[in-house]
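*Asks:* Here it is: the structure, laid out below.
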Amino acid sequence: MRLVQYWVKVVFADNQELLVKDAIRHTISEDMEVLEVDSAKEVIIVPMKQIKYIACDATVFAQKSKA
């Protein structure tokens, strides 16, 4: 299995930004309470209440659909 790395940008309600350049997965919990961004080095968990918006590299979706 090939590990796909991509970027995920989180913009917070106070307009601060978090950019994870080597994400391997990002998910929103079933209860829609937290965003989890996983990289090879760390797992970042952010409460959804603090997030203004999330953006990611769309090429990751194109690669998954070709599989």
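*Asks:* At a 1.4 Å probe radius, carbon and sulfur cover how many percent of the accessible area of the chain? Spell out each step's value before the answer.
*Replies:* Values: 2700 of 5010 Å².
Carbon and sulfur atoms account for 54 percent of the accessible area of the chain.
*Asks:* With a/c under 1.5 counting as rounded, go ahead and sort the chain into rounded, prolate or oblate using the C-alpha gyration tensor (a ≥ b ≥ c being the square roots of the eigenvalues; past the cut-off, prolate if a/b is larger than b/c, else oblate).
*Replies:* Working: a/c = 1.83, a/b = 1.71, b/c = 1.07.
Judged from the Cα gyration tensor, the chain comes out prolate (a/c at least 1.5, a/b above b/c).
*Asks:* If contacts are Cα pairs under 8 angstrom and at least 6 residues apart, what is the relative contact order of the chain in percent?
*Replies:* 33
The values are calculated or read from the model by the stated rules, or taken from the named source; none is laboratory data. From a predicted model like this one, the values you see are computed outputs, not experimental measurements. Side chains are part of the model used for accessible areas, which takes the heavy atoms of the whole protein and leaves out ligands, DNA and RNA. Shrake-Rupley method; radii C 1.70, N 1.55, O 1.52, S 1.80 Å.
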